[in-house]
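Q: Encoded as structure tokens, here's the structure I'll be asking about.
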Amino acid sequence: MDRLPLLVLPPPAQPVKRGRKFGGSESHAIPSKARQAERLSPAFTALTAALAARAAELRTDTSGVVPEEVLVLETVGAVEDFVAAVRPLKGLEWLGEVEERDIPPDEHFFRTKKSKGPGAEAEAKKGLLTGRVYLALANQQALEQLLSMWSRWKDGQPLPRGFAQWGDMFGRLRDVRRWDVRDRLLESAVLDDWELRLEAGEEEVPCEIELWFRRDTGKLEAAARRVRSLVAEAGGRVLRHTTVPQIAYSGLLARLPARAVENLRTSPDTQLVKCEQIRFFQAVGQALAVIPTGKESEPDPGGGVGAPPRGEPVAALLDGLPLEGHERLARRLRVDDPETWSEAYPVSERVHGTAMASLILHGDLGAGEAPLARPLYVRPILRPDPEDFRTPRPEAAPQDRLVVDLVHEAVRRMFEGPEGPAAPEVRIVNLSFGDLSRPFDSALSPLARLLDWLAWKYQLLFLVSAGNHFQDVQLDLTRKAVDSREQPAIQNELLRAVAADVRNRRLLSPAEAINVLSVGSMHRDASDGVVRVSSCFDPYVTGLPSPFNAQGMGFRRGIKPDVFLPGGRVVVSEALGRTSPQGTRIELRGTRLTPGQLTAVPGKKPGELGRVAASRGTSNATALATRAAVQLYDVLEELREQPGGGLIDQVPTAVWLKALLAHGADWGDSGDVLDRVLRSPENSRRFREYATRLIGYGEVATDRLGACTEHRVTVLGGGKLAVDQAHEHLIPMPPGLSGKAIWRRLTVTLAWLTPVNPFHQGWRSASLWFTPPSKTTVPNVKLQQADSKACERGTLQHEVLEGEKASAFTDGTDLKIQVNCRADAGSLDEEIPYALVVSLEVAEKGAVPIYQEVRQRILPRVRVRPSSA
């Protein structure tokens, strides 16, 4: 089938007023004042006593620290503009707020709903609630004022002028407490990390100490000095202090002696644990990139290495150091190693970076694709830990650097290096690793916040792996059923088990970032599918999301992972000795034999530069996404010379690439399987959202990217919008489709990058959206696939609509797509560039040449770009 060029719409006309964005509000029942007073007065009393005790404890402290407590105010529902109510209260400093979801109802707080039939009210009361966690730093003066307002409110007296929001707060308050050891230690993975390190006999244990960010630089520096002092008193040392004010982050990298760590684990009275300036303790060195290794590599099947690359790199790989001399990589890499890690990086351990570079440059070697025409920029940020004596050693972020600091410096060097930009043409950045110590849990991690800010600052497309979870899976099947490889029973039960294990299969930082494309893996590769390990078998009979994928949703229940690409087929085997009477446990196996994606690997012996092996994971899928993005970059270069191509220069390249890559996403047959296996009476009303967390926007069909056919036409539109503006894009309808009762699909993708507000719980400063056409308008289609509400919560809206009924219209009829912009986290002062990609596709059987009909009606609307000659 002929591949025809994409079409470009004319620039939008003058902005119009944006449309309204409708969203369902949640109604709650809240307790009476008397009941709130009964419930919460003991908590306020406990706060007063705690602050008084802390003040007495600090009287002997010579550092001059003012006794303060971080207050945690947990509400059901939100208190509008609560930050404004905090400012007038002397001694109370606003620290932030976090959206909280899935709050269980109780006798005091529950959802309400107007009756729509028998049992509707009772059913509503069972619904989960949403709320906020408000955080503020209070001294004795602020706490006394707060208690005074609490007393006035519960006694029915009016609050002082300007403090009305406090009344709303008290009415919605579920709990009030201080930030304590539970928050600093118990809700992170640091205790598990410390336990493992102590068991291994480590004498000095690294950790990240994240401070409460203070806008007042003097207060922030004083907090850092206080923590340094406490670390020194414990016999430890602080190696680094990193502050990134643009994301409200300040953290110290510390090393503590084993005895001090043991005290922190066992004693909540340790001064370092009680330090009010500390927000979290976090593990370090857990940003890992692991590929199962072994001796099963094989010679490269061949196929040639292709023509030498040309031009400058447009994609960067931040990963482990690759084997530069491998036959598949030689002369194709621009390795930037400013810290000379290569000198202590054994060739045999350059596994992950080699595999990722191989996939980006060549794809799955089993497919025999041509290499990319451009070189790849590589900056090593992972390496084997010199203190790790395991074989093989995983490649991880070094323990003497904070990963936020390392990534920040690596990206900045590309565009603002000390000796000039190291890779100024880069627009795509591949991050194929995840932080095991930071599974996503409602709040954005510092690294995710950093990527969001860097994406906006440098207008970059970050492609980030969603994360892998290779733990055993318990199947509700007999051992006999597993041993006899009963299908589709094994496939269906594995799907159910993985879907139900939400808590243990969350996104790994930084995949939750909202400006990035997070990538999941499809159970697919270019191998022949033959399982070469006798004890193993393929658990799926069709291409589905991989069972090791991290699952969504993302921040504010946005769609994550965004897109899926092949990540290699995983094989499974019975977990011998771990099977229970309740079912059979299977383990996900990662061998170096196919099935799996074939990549370059270090050889068995020194000097072997032509070995390959199979692997699988979301890292692999992310590398293939980067490969596709580079290919789309070249498509955009060609489009610049097409009619209307001047529009390409008006929108940052990264935004175009984000829209074009996601535009190829589709649930395909996987959506039908998920529906058939997972839909139940309990989840049927919200099944789209339930399925979306497993498959996002779907698998990207890379063979469809960047081109049209006679029966599929794709048009590009774009521009820049200020707050409360909108653009109307008009796509001419092909007259040959009028009155035809044939299958048609409309796919609309909107992408942008947003500035961020670190001091607002919304984080995303710019909200853009379009309203999909209804089935009552041309081309008579209705929404399919991803949950439509979730589509509007990030920086990518991808809607798929289908229909078969005839729709009559006259020649000259346009499909109107209006792109709207509003502020979403405080004020919005910048113009927001966006890219819009729209495809209309019809069944080939109908033989309607829609491409030529649309092209003929667009060309008169655009001005042909003058030749550059």
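The values are calculated or read from the model by the stated rules, or taken from the named source; none is laboratory data. Keep in mind the model is a prediction, meaning the values are calculated, not measured. Cβ sites come from the backbone with ideal geometry, for glycine too, and all protein chains shown count toward neighbours. The accessibility values were calculated without ligands, DNA or RNA, using every heavy atom of the protein model including side chains. Shrake-Rupley method; radii C 1.70, N 1.55, O 1.52, S 1.80 Å.
Q: Could you tell me which of the residues Arg627, Arg585, Arg589 is of a type outside the set (Gly, Ala, Ser), within 27 Å of the chain's Cα centre (by Cα) and modelled with pLDDT under 95? Steps first, please.
A: Numbers: Arg627 fails: modelled with pLDDT under 95; Arg585 fails: within 27 Å of the chain's Cα centre (by Cα).
After applying the criteria, what remains is Arg589.
Q: Being within 26 Å of Gln491 (Cβ to Cβ) and among the polar types (S, T, N, Q), is that true of even one residue in the range 665-678? Before you say what the answer is, go through the steps one by one.
A: Going through the range 665-678, the residues within 26 Å of Gln491 (Cβ to Cβ) turn out to be 665-678.
Narrowing the set further to residues that are among the polar types (S, T, N, Q) leaves 670.
Scanning the range 665-678 turns up at least one residue that is within 26 Å of Gln491 (Cβ to Cβ) and among the polar types (S, T, N, Q).
Q: Would a scan of the range 394-405 turn up a residue that is among the charged types (D, E, K, R), closer than 30 Å to Pro566 by Cβ and crowded, with 24+ Cβ neighbours inside 10 Å? Outline the logic, then answer.
A: Filtering the range 394-405 for residues among the charged types (D, E, K, R) gives 395, 400-401, 405.
Filter again for closer than 30 Å to Pro566 by Cβ, leaving 395.
So of that shortlist, the ones also crowded, with 24+ Cβ neighbours inside 10 Å come out as 395.
Yes - at least one qualifying residue is present in the range 394-405.
Q: What is the one condition in (1) under 26 Å from Glu409 (Cα atoms); (2) in contact with an Asp or Glu (Cβ under 9 Å, 6 or more places away or on another chain); (3) open to solvent by less than 70 Å² (accessible area, probe 1.4 Å); (4) in a loop (DSSP other than H, G, I, E, B) that Ala223 does not satisfy?
A: Unmet condition: (4).
Q: Now for a separate question. Does any residue of the range 49-56 turn out to be in a loop (DSSP other than H, G, I, E, B), among the basic types (Lys, Arg) and at pLDDT below 80?
A: Checking the range 49-56: not a single residue is in a loop (DSSP other than H, G, I, E, B), among the basic types (Lys, Arg) and at pLDDT below 80.
Q: Within the range 457-472, is even one residue assigned to a helix (DSSP H, G or I), at pLDDT 95 or above, within 30 Å of Arg279 (Cβ to Cβ) and open to solvent by 30 Å² or more (accessible area, probe 1.4 Å)?
A: Yes, that holds for at least one residue.
Q: Answer yes if at least one residue in the range 411-423 is within 20 Å of the chain's Cα centre (by Cα) and open to solvent by less than 10 Å² (accessible area, probe 1.4 Å), and no otherwise.
A: Taking every residue of the range 411-423 in turn, at least one turns out to be within 20 Å of the chain's Cα centre (by Cα) and open to solvent by less than 10 Å² (accessible area, probe 1.4 Å).
Q: Right, Ser148: polar (S, T, N, Q) and either at pLDDT below 85 or surrounded by 18 or more Cβ atoms within 10 Å (Cβ to Cβ) (or both) or not? Please lay out each step first, then the result.
A: Details: polar (S, T, N, Q): yes; either at pLDDT below 85 or surrounded by 18 or more Cβ atoms within 10 Å (Cβ to Cβ) (or both): no.
Here the answer is no, as Ser148 does not meet what is asked.
Q: Another one. If you go through the range 774-802, how many residues are without any contact (Cβ under 8 Å) to a residue 60 or more places away in the chain, open to solvent by less than 20 Å² (accessible area, probe 1.4 Å) and not charged (D, E, K, R)?
A: 3
Q: Looking at the range 343-374 only, could you name the residues that are polar (S, T, N, Q) and either under 27 Å from the mean Cα position of the chain (by Cα) or at pLDDT 95 or above (or both)?
A: Scanning the range 343-374 gives Thr354, Ser358.
Q: With a cut-off of at least 2 residues that are touching a Pro at 6+ places or on another chain (Cβ under 9 Å), name the helices (runs of 4 or more DSSP H) lying wholly within the range 607-688.
A: Where helices (runs of 4 or more DSSP H) fall fully within the range 607-688 and carry at least 2 residues being touching a Pro at 6+ places or on another chain (Cβ under 9 Å), they are 618-639, 668-678.
Q: Among the residues that make up the range 328-341, is at least one of them more than 25 Å from the chain's Cα centre (by Cα) and assigned to a helix (DSSP H, G or I)?
A: Taking every residue of the range 328-341 in turn, at least one turns out to be more than 25 Å from the chain's Cα centre (by Cα) and assigned to a helix (DSSP H, G or I).
Q: Give me the pairs, please: first residue somewhere in the range 368-383 and without any contact (Cβ under 8 Å) to a residue 60 or more places away in the chain, second residue anywhere and assigned to a loop (DSSP other than H, G, I, E, B) and buried (at least 21 other Cβ atoms within 10 Å of the Cβ), beta-carbon distance under 9 Å, and either six or more positions apart or on two chains.
A: Close Cβ pairs (under 9 Å, with a partner that is assigned to a loop (DSSP other than H, G, I, E, B) and buried (at least 21 other Cβ atoms within 10 Å of the Cβ)) amount to Glu369/Gly363.
Q: What's the number of the condition Cys536 fails, among (1) open to solvent by 30 Å² or more (accessible area, probe 1.4 Å); (2) over 21 Å from Thr354 (Cβ atoms)?
A: (1)
Q: If I filter the range 236-276 down to residues being over 33 Å from the mean Cα position of the chain (by Cα) and within 23 Å of Arg54 (Cα to Cα), which single residue comes out as least open to solvent (accessible area, probe 1.4 Å)?
A: Among those residues, the one meeting the criterion is Ala260.
To keep it simple, each residue is scored yes or no on (1) closer than 23 Å to Gln471 by Cβ; (2) modelled with pLDDT under 90; (3) under 23 Å from the mean Cα position of the chain (by Cα).
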position	(1), (2), (3)
Ser527	no, no, no
Ser546	yes, no, yes
Gln551	yes, no, yes
Phe555	no, no, yes
